[in-house]
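Enquirer: This is the structure, below, for whatever I ask next.
The values are calculated or read from the model by the stated rules, or taken from the named source; none is laboratory data. In this text the structure is predicted, and so the values were computed from the model without any measurement. Note: ideal-geometry Cβ built from the backbone for every residue, glycine included; neighbour counts use all protein chains shown.
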């Protein structure tokens, strides 16, 4: 069965898995995992140039810019002003590289360092400003359905609720909130993309998120920090596909008691 | 001429453009973006915008991130 592509604003994707590029032990390992994951979109962060760099290597030397659409994030920003500045800087670099990712941003406006949970007010402010500046804003948020709705109303291209705190590996802690987010965001707009961003720990977490009806999953640590990253990259790719297919197939309702799978007639006497 | 680059005070020999500064620092201009006093300096203006005493500059690139 051929699935329809995932449409994120002007971007059309065949893979519903978006992976980050952080925390890998080596750039070579990162490059291999990106390839194995089958992802078409990869996230990066914007940081100060190290003015003294013995090795002189840049992550961009390890990324095939013709193959991947780069999604720059505003990770590490704790207010709207910084997030907007970082988004502009990221766009500036991608424009210079002529990468298709030059028109979008993964917006993160964080509340505190301990939880890395989003600051909802700063996130709303930054979304409004970046939309005004022509960005396609993919916005990291909590799983609160009302905030999610407000972000969509402000023009976010995709709302991306956290399953659980960034890098925590706890999976989707509140599937009911995600269900409500999906219902609200897709009301009268069934193709509006909702992506689970953050908290995924294992392949089953990815499959579970997709089975809820999410349009995609964004993850990083679960691959980069596991024991065998390349094997996990493959597991994540498969889990995303399996979860999506399971969702499309439409699961059976859960029942308290058994229903026999084998015929109940024709038994021997 | 005293400026601040990426949070660190730095002494520059004399007036220079953003383009000249990036070159002097040995940074690949294709992989970086520059802010001067919290305002983005678009790449096409790097050859025109002059760095002045007391400026605060941010020169950034892309790194691994989630």
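Enquirer: Consider residue B:63 carefully, then state whether it is more than 24 Å from residue A:99 (Cβ to Cβ) and either modelled with pLDDT under 95 or in a strand (DSSP E or B) (or both).
Expert: Values: more than 24 Å from residue A:99 (Cβ to Cβ): no; either modelled with pLDDT under 95 or in a strand (DSSP E or B) (or both): yes.
Spelling it out, it is not the case that residue B:63 is more than 24 Å from residue A:99 (Cβ to Cβ) and either modelled with pLDDT under 95 or in a strand (DSSP E or B) (or both).
Enquirer: I'd like to verify a number: residues in the range B:8-41 that are closer than 19 Å to residue A:82 by Cβ and within 7 Å of chain A (Cβ to nearest Cβ), how many?
Expert: Going through the range B:8-41 one residue at a time, the tally reaches 5.
Enquirer: I need a count of the residues in the range A:216-240 that are touching a helix residue (DSSP H, G or I) at 6+ places or on another chain (Cβ under 9 Å) and either in contact (Cβ under 8 Å) with a residue 12 or more places away in the chain or surrounded by 24 or more Cβ atoms within 10 Å (Cβ to Cβ) (or both). Explain how you work it out, then say what you get.
Expert: As a first pass, look at the range A:216-240 and keep what is touching a helix residue (DSSP H, G or I) at 6+ places or on another chain (Cβ under 9 Å): A:216-217, A:219, A:222-224, A:226, A:229-240.
After this cut, where a residue has to be either in contact (Cβ under 8 Å) with a residue 12 or more places away in the chain or surrounded by 24 or more Cβ atoms within 10 Å (Cβ to Cβ) (or both) as well, the list is A:216-217, A:219, A:222-224, A:229-230, A:232-240.
Number satisfying all stated conditions: 17.
Per-residue answers, yes or no, for (1) over 24 Å from residue A:189 (Cβ atoms); (2) in a helix (DSSP H, G or I):
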{"residue": "A:84", "(1), (2)": "yes, yes"}
{"residue": "A:92", "(1), (2)": "yes, yes"}
{"residue": "A:124", "(1), (2)": "no, yes"}
{"residue": "A:128", "(1), (2)": "no, yes"}
{"residue": "A:151", "(1), (2)": "no, yes"}
{"residue": "A:160", "(1), (2)": "no, no"}
{"residue": "A:166", "(1), (2)": "yes, no"}
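Enquirer: Let me ask something else about it. Quick check on residue A:196: is it touching a helix residue (DSSP H, G or I) at 6+ places or on another chain (Cβ under 6 Å) and more than 29 Å from residue A:101 (Cα to Cα)?
Expert: On the way: touching a helix residue (DSSP H, G or I) at 6+ places or on another chain (Cβ under 6 Å): yes; more than 29 Å from residue A:101 (Cα to Cα): no.
Judged against the criteria, residue A:196 is not a match.
Enquirer: Right, next: Can you tell me which residue is nearest to the other protein chains (Cβ to nearest Cβ) among those in the range A:69-80 that are assigned to a loop (DSSP other than H, G, I, E, B) and touching a helix residue (DSSP H, G or I) at 6+ places or on another chain (Cβ under 7 Å)?
Expert: Here is the first cut: in the range A:69-80, the ones assigned to a loop (DSSP other than H, G, I, E, B) are A:74-79.
Checking which are touching a helix residue (DSSP H, G or I) at 6+ places or on another chain (Cβ under 7 Å) leaves us with A:74, A:77, A:79.
Details: A:74: 10, A:77: 12, A:79: 13 Å.
Only one residue fits best here, namely A:74.
Enquirer: Take the range A:96-113 and flag every residue that is without any contact (Cβ under 8 Å) to a residue 40 or more places away in the chain and surrounded by fewer than 21 Cβ atoms within 10 Å (Cβ to Cβ).
Expert: Selection gives A:96, A:97, A:98, A:99, A:102, A:111, A:112, A:113.
Enquirer: I would also like to ask the following. Inspect all residues belonging to the range A:107-122 and state whether any of them is modelled with pLDDT under 95 and within 14 Å of chain B (Cβ to nearest Cβ).
Expert: Within the range A:107-122 (the criterion being modelled with pLDDT under 95 and within 14 Å of chain B (Cβ to nearest Cβ)), the answer is yes, since at least one residue qualifies.
Enquirer: Let me ask another. Of all residues in the range A:28-44 being assigned to a helix (DSSP H, G or I) and closer than 23 Å to residue A:242 by Cβ, which is farthest from the chain's Cα centre (by Cα)?
Expert: Our first condition is that a residue be assigned to a helix (DSSP H, G or I); within the range A:28-44, this holds for A:28-37.
Among the residues that remain, those that are also closer than 23 Å to residue A:242 by Cβ are: A:32-37.
Values: A:32: 19, A:33: 16, A:34: 14, A:35: 17, A:36: 17, A:37: 13 Å.
In this case the residue turns out to be A:32.
Enquirer: Also, quick follow-up: On the basis of being farther than 25 Å from residue A:4 by Cβ, touching a strand residue (DSSP E or B) at 6+ places or on another chain (Cβ under 7 Å), part of a helix (DSSP H, G or I) and touching a residue at least 40 places away in the same chain (Cβ under 8 Å), does residue A:116 make the cut? I'd like the intermediate steps shown before the answer.
Expert: Numbers: farther than 25 Å from residue A:4 by Cβ: yes; touching a strand residue (DSSP E or B) at 6+ places or on another chain (Cβ under 7 Å): yes; part of a helix (DSSP H, G or I): no; touching a residue at least 40 places away in the same chain (Cβ under 8 Å): yes.
Considered against the rule, which asks whether it is farther than 25 Å from residue A:4 by Cβ, touching a strand residue (DSSP E or B) at 6+ places or on another chain (Cβ under 7 Å), part of a helix (DSSP H, G or I) and touching a residue at least 40 places away in the same chain (Cβ under 8 Å), residue A:116 comes out as no.
Enquirer: Between a first residue in the range A:179-201 that is at positive phi and a second residue that is in a helix (DSSP H, G or I) and crowded, with 16+ Cβ neighbours inside 10 Å, which pairs have beta carbons less than 6 Å apart while being 6 or more apart in sequence or on different chains?
Expert: Once the first residue is at positive phi and sits in the range A:179-201, no partner that is in a helix (DSSP H, G or I) and crowded, with 16+ Cβ neighbours inside 10 Å comes close enough.
Enquirer: Out of the residues in the range A:1-15 that are touching a residue at least 12 places away in the same chain (Cβ under 8 Å) and not in a strand (DSSP E or B), state the one that is nearest to residue A:223 (Cα to Cα). Write out each step before concluding.
Expert: Our first condition is that a residue be touching a residue at least 12 places away in the same chain (Cβ under 8 Å); within the range A:1-15, this holds for A:1, A:3, A:6-11, A:13-15.
Subsequent filtering for residues that are not in a strand (DSSP E or B) retains A:1, A:3, A:9-10, A:14-15.
On the way: A:1: 27, A:3: 25, A:9: 27, A:10: 28, A:14: 20, A:15: 16 Å.
For the range A:1-15, the residue satisfying everything is A:15.
Enquirer: On to the next question. Please verify whether the range B:58-65 includes one or more residues that are within 13 Å of another protein chain (Cβ to nearest Cβ) and more than 23 Å from residue A:63 (Cβ to Cβ). If you could, list the steps in order and put the result at the bottom.
Expert: Residues of the range B:58-65 that are within 13 Å of another protein chain (Cβ to nearest Cβ), as a first pass: B:58-65.
Narrowing the set further to residues that are more than 23 Å from residue A:63 (Cβ to Cβ) leaves none.
Within the range B:58-65, not a single residue is within 13 Å of another protein chain (Cβ to nearest Cβ) and more than 23 Å from residue A:63 (Cβ to Cβ).
Enquirer: If only one of A:127, A:141, A:147 is without any contact (Cβ under 8 Å) to a residue 24 or more places away in the chain and touching a helix residue (DSSP H, G or I) at 6+ places or on another chain (Cβ under 7 Å), which one is it?
Expert: Working: A:127 fails: without any contact (Cβ under 8 Å) to a residue 24 or more places away in the chain; A:147 fails: without any contact (Cβ under 8 Å) to a residue 24 or more places away in the chain.
Just a single option satisfies the conditions, and that option is A:141.
Results for (1) at the interface with another protein chain (Cβ under 8 Å from one of its Cβ atoms); (2) more than 30 Å from residue B:8 (Cα to Cα), shown as yes or no for each residue.
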site	(1), (2)
A:8	no, yes
A:14	no, yes
A:22	yes, no
A:25	no, no
A:33	no, yes
A:39	no, yes
A:57	no, no
A:67	no, yes
A:82	no, no
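Enquirer: Still on this structure: Select from the range B:43-65 the residues that are surrounded by fewer than 17 Cβ atoms within 10 Å (Cβ to Cβ) and out of contact with any helix residue (DSSP H, G or I) (no Cβ under 7 Å at 6 or more places or on another chain) and list them in ascending order.
Expert: B:44, B:45, B:48, B:50, B:52, B:53, B:54, B:56 - these are the residues of the range B:43-65 that are surrounded by fewer than 17 Cβ atoms within 10 Å (Cβ to Cβ) and out of contact with any helix residue (DSSP H, G or I) (no Cβ under 7 Å at 6 or more places or on another chain).
Enquirer: Looking at A:93, A:18 in this structure, which one is crowded, with 23+ Cβ neighbours inside 10 Å and either modelled with pLDDT under 95 or farther than 18 Å from residue A:216 by Cα (or both)?
Expert: Values: A:18 fails: either modelled with pLDDT under 95 or farther than 18 Å from residue A:216 by Cα (or both).
Within the list A:93, A:18, the selection yields A:93.
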